[in-house]
Amino acid sequence: MEQWTIQKLLNWVTDYFTEKGIEPARFSAELLLGDVLGIRRIELYTQFDTVVSEEVRDKLRELVKRAGQNEPVQYLIGKTEFYSLELEITPDCLIPRPETELLVERAIEFLRQRSGEQFVCDLCTGSGCIATAIAKNFVTGKIIATDISDSALKIAAKNIEKHQLGGRVKLLCGDLFDPVVPQLDSGKFDLIVCNPPYVSDSEFETLDKNVRDYEPKEALLAGVDGLDVYKRICEKVDDFLKPDGALIMETGYRQGQAVRELLEQVNCFTEITVEKDLSNNDRIVTAKKKSGPPKLDISP
Ligand SMILES: C[S@@+](CC[C@H](N)C(=O)[O-])C[C@H]1O[C@@H](n2cnc3c(N)ncnc32)[C@H](O)[C@@H]1O
């Protein structure tokens, strides 16, 4: 009788996904098989010859069928990995992308150059991935994270609890900075981070089916040119950022220059940089705010 080992199943699912255009095929196969077996991806490779029961294969077959119809694998298994942290995910929030890890990297670098407790604001937090990753890796950071979607914030709350960050990350529901105002007992923020919706109406039609049909539209769409949320952040950012503080945002793959121009118009930043990701697409814009007025030396 034919024996279905982990290795054989992994190869079979990978081939099926490749044929269906589900990318990355091998990684997606590993996630699904690991999930139905209740083991980590790496353990698949140490148990290659283990025979998989019919019951587990039935479960796998069902999930593979749904993934083959473009349902995102991360939603099927209810979790993903971001900045080496396991996070819960549901269709109520965007699936955190590897590109966003670059934003986290820059945020942590910025915070580590400064001394004392740092106050961070994460706008459009979704699953809470950015806030969680920053708080986990910068232990003197206090973070306020906001989102307009109450259901996304429920997932963020689970992730913050899962990583025991409740004492340092506060979640607030509302439109961009609106819910922050009454909370601002600490004054302004040292750092504001944001991965906003940035897909234009026309680009939305060109997105992969798994994104267009399954991820929340309010996490993606941002008007005719995809710049609506950046424009609204630019209107308010000066009021919320300390002198010498920074704003770090993710952008769409061709939006770097447009976002730079919006930030230049704010006229409170000294240095604005646009950084590309590993695929050479625009990805991270960092704007450093001017220093405050010099302190007057009135000593005799
Ligand atoms: C691109 S997703 C980013 C989610 C998460 N930060 C990440 O990087 O995966 C954008 C998020 O912005 C939220 N959002 C959209 N419009 C908003 C608004 N006006 N105020 C606050 N949040 C908003 C959406 O609900 C969604 O969770």
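The values are calculated or read from the model by the stated rules, or taken from the named source; none is laboratory data. Worth saying up front: this structure is predicted, and the values here are computed from it rather than measured. Every residue, glycine as well, gets a Cβ built from its backbone with ideal geometry; the counts of neighbours run over all protein chains shown. Just the protein is used for accessible areas: all its heavy atoms, side chains included, with ligands, DNA and RNA removed. Shrake-Rupley method; radii C 1.70, N 1.55, O 1.52, S 1.80 Å.
Observations
- Probe 1.4 Å, all protein chains present, accessible-area order of GLU19, GLU54, GLU215, largest first: GLU19, GLU54, GLU215
- Inverse mean reciprocal Cα-Cα distance (Kirkwood Rh) of the stretch 93-289, Å: 16.7 Å
- Nitroxide proxy distance, nm - points 7 Å out along Cα→Cβ at ILE39 and SER151: 3.5 nm
- Using alpha-carbon coordinates, inclination of helix 100-112 to the longest axis of the chain, degrees: 40 degrees
- Per residue, the convex hull spanned by the Cα atoms of the stretch 4-104 measures out at 99 cubic angstrom.
- Using a Förster distance of 30 Å, the FRET efficiency for GLU271-GLU218 (Cβ separation, nearest 0.05): 0.40
- Between helix 6-20 and the chain: long-axis angle, C-alpha atoms, 0 to 90°, nearest 10: 70 degrees
- Estimated from the Cβ-Cβ distance and a Förster radius of 30 angstrom, the FRET efficiency linking ASN280 and LYS188 is about 0.30.
- Cβ-defined net charge surrounding LYS188, 10 Å radius [Lys, Arg +1; Asp, Glu -1]: -1
- ASN159 sits among other residues whose Cβ lies under 11 Å from its own Cβ, and their net charge, with Lys and Arg +1 and Asp and Glu -1, is +2.
- Solvent-accessible surface (1.4 Å probe) assigned to THR80 amounts to roughly 20 Å².
- With all protein chains modelled, accessible area of ILE108 [1.4 Å, Å²]: 10 Å²
- Under 13 Å, Cβ to Cβ, from GLN113 - net charge with Lys/Arg +1 and Asp/Glu -1: +1
- Annotated for the stretch 212-300: lysine pairs at least 8 residues apart or interchain, Cα distance under 23 Å, count 15.
- The solvent-accessible area of ARG97, taken with every protein chain present and a 1.4 Å probe, is close to 70 Å².
- Residue-averaged 222 nm ellipticity for the chain, from DSSP H runs of 4+ at -39500 (n - 2.57), nearest 500: -12000 deg cm²/dmol
- On the stretch 6-69, 49 percent of the accessible area sits on carbon and sulfur atoms, based on a 1.4 Å probe.
- log10 of Debye I(q)/I(0), alpha-carbon scatterers only, for the stretch 63-123 at 0.13, 0.15 Å⁻¹: -0.49, -0.61
- Dipole in debye (nearest 20) - the chain, about Cα centre, beta carbon charges: Lys, Arg +1; Asp, Glu -1: 700 debye
- The label point for LYS158 and the one for VAL56, both projected 7 Å from the Cα toward the Cβ, are 2.4 nm apart.
- Whether the stretch 249-293 is rounded, prolate or oblate, judged on the alpha carbon gyration tensor where a/c under 1.5 counts as rounded: prolate
- Chain lengthening between ARG26 and GLU99 when straightened (0.36 nm per residue, less Cα-Cα): 24.3 nm
- Within the accessible area of the stretch 93-289 (1.4 Å probe), percent carbon and sulfur: 47 percent
- Checking every one of the GluC sites (Glu not before Pro) in the stretch 177-281 against DSSP loop status and a limit of 10 other Cβ atoms within 10 Å picks out GLU205.
- Measure of compaction for the stretch 38-84 (Cα Rg per 2.2 N^0.38 Å): 1.31
- With all protein chains kept in place, the per residue accessible area of the chain amounts to 51 square angstrom at a probe of 1.4 angstrom.
- The charge dipole of the stretch 6-69, taken about the Cα centre with unit charges on the Cβ atoms of Lys, Arg (+1) and Asp, Glu (-1), comes to about 120 debye, rounded to the nearest 20.
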